[in-house]
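Structure first, commentary second.
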Amino acid sequence: MIDHVQAQKDLFKDTAIFITFDEGGGYWDSGFFQPIDMFGDGPRIPFIVVSPYSRGGRIVHSYGDHASILKFIERNWFLDPLTNRSRDNLPNPLTTAGNPYVPLNMPAIGDLFDMFDFHSDRNQDHEGNQR
């Protein structure tokens, strides 16, 4: 599927493909579980971004959740959160370099923007226009 989208250059230049899955009751690792509500948050799971704007080739440690995809959409298209009490309304995490996993401002869930670079030279055409 990814190869098919990437082969369509006009489509792929404005595309971000998010690859993730639900943990389905199993555990990916034993990382930090943020106490967000009475249910808590789930275990960490793999999450991959395929995009010409992806920073690529690195691990992002910011605290995310499945609601991070919704937060990304809301921020990217300047939309309001769904409700005042949903997880997409939580702030982006603030962390220290010594402990990138545990937000200082809990509860907090990232919006995935730290996985992207929308302003680098590699995202511009030969005339300097943003792709």
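Criterion first (in contact with a strand residue (DSSP E or B) (Cβ under 9 Å, 6 or more places away or on another chain), under 30 Å from residue 8 (Cα atoms) and part of a loop (DSSP other than H, G, I, E, B)) does residue 60 satisfy it? Can you show your working first?
Details: in contact with a strand residue (DSSP E or B) (Cβ under 9 Å, 6 or more places away or on another chain): yes; under 30 Å from residue 8 (Cα atoms): yes; part of a loop (DSSP other than H, G, I, E, B): yes.
Against the criterion (in contact with a strand residue (DSSP E or B) (Cβ under 9 Å, 6 or more places away or on another chain), under 30 Å from residue 8 (Cα atoms) and part of a loop (DSSP other than H, G, I, E, B)), residue 60 qualifies.
Would you tally the residues in the range 55-92 being among the polar types (S, T, N, Q) and in contact with a helix residue (DSSP H, G or I) (Cβ under 6 Å, 6 or more places away or on another chain)?
Initially, the range 55-92 is screened for residues among the polar types (S, T, N, Q), giving 62, 68, 76, 83-84, 86, 89, 92.
Among the residues that remain, those that are also in contact with a helix residue (DSSP H, G or I) (Cβ under 6 Å, 6 or more places away or on another chain) are: 62.
Number of matching residues: 1.
Could we say that residue 41 is of a type in the set (Asp, Glu), over 29 Å from residue 120 (Cα atoms) and more than 15 Å from the chain's Cα centre (by Cα) here? Don't jump to the end; show me each part of the working.
Values: of a type in the set (Asp, Glu): yes; over 29 Å from residue 120 (Cα atoms): yes; more than 15 Å from the chain's Cα centre (by Cα): yes.
Answer is yes for this residue.
Look at the range 12-48 and say how many of its residues are within 20 Å of residue 61 (Cβ to Cβ), among the β-branched types (Val, Ile, Thr) and modelled with pLDDT of 80 or more. Before you say what the answer is, go through the steps one by one.
The initial filter retains those residues of the range 12-48 that are within 20 Å of residue 61 (Cβ to Cβ), namely 16, 18-21, 23, 27-36, 40-48.
Restricting the remaining residues to those that are among the β-branched types (Val, Ile, Thr) gives 19-20, 36, 45, 48.
Now restrict to residues that are modelled with pLDDT of 80 or more: 19-20, 36, 48.
Number of matching residues: 4.
Residues are listed down the side, and each one gets a yes or a no for (1) surrounded by 17 or more Cβ atoms within 10 Å (Cβ to Cβ); (2) modelled with pLDDT of 95 or more; (3) in contact with an Asp or Glu (Cβ under 8 Å, 6 or more places away or on another chain):
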| site | (1), (2), (3) |
| --- | --- |
| 82 | no, no, yes |
| 89 | no, no, no |
| 108 | yes, no, no |
| 114 | no, no, no |
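Any chance the range 24-31 includes a residue that's surrounded by 15 or more Cβ atoms within 10 Å (Cβ to Cβ), in a loop (DSSP other than H, G, I, E, B) and either among the aliphatic types (A, V, I, L, M) or without any contact (Cβ under 8 Å) to a residue 60 or more places away in the chain (or both)? Talk me through it step by step, then tell me what you get.
Narrowing the range 24-31 to residues surrounded by 15 or more Cβ atoms within 10 Å (Cβ to Cβ): none.
No: the range 24-31 contains no residue that is surrounded by 15 or more Cβ atoms within 10 Å (Cβ to Cβ), in a loop (DSSP other than H, G, I, E, B) and either among the aliphatic types (A, V, I, L, M) or without any contact (Cβ under 8 Å) to a residue 60 or more places away in the chain (or both).
Would it be correct to say that residue 69 is part of a helix (DSSP H, G or I), surrounded by 16 or more Cβ atoms within 10 Å (Cβ to Cβ) and touching a Leu at 6+ places or on another chain (Cβ under 9 Å)? Reasoning before the result, please.
On the way: part of a helix (DSSP H, G or I): yes; surrounded by 16 or more Cβ atoms within 10 Å (Cβ to Cβ): yes; touching a Leu at 6+ places or on another chain (Cβ under 9 Å): yes.
Spelling it out, residue 69 is indeed part of a helix (DSSP H, G or I), surrounded by 16 or more Cβ atoms within 10 Å (Cβ to Cβ) and touching a Leu at 6+ places or on another chain (Cβ under 9 Å).
Quick check on the range 57-68. Is at least one of its residues on the phi > 0 side of the Ramachandran plot and more than 10 Å from the chain's Cα centre (by Cα)?
Step one: filter the range 57-68 for residues on the phi > 0 side of the Ramachandran plot, giving 57.
With the extra rule that they be more than 10 Å from the chain's Cα centre (by Cα), the set shrinks to 57.
Yes, the range 57-68 contains at least one residue that is on the phi > 0 side of the Ramachandran plot and more than 10 Å from the chain's Cα centre (by Cα).
The values are calculated or read from the model by the stated rules, or taken from the named source; none is laboratory data. If you're wondering where the values come from, they're calculated on a predicted model, not measured in any experiment. Neighbour counts are summed over all protein chains in view; Cβ atoms, including those assigned to glycine, are modelled from backbone coordinates with ideal geometry.
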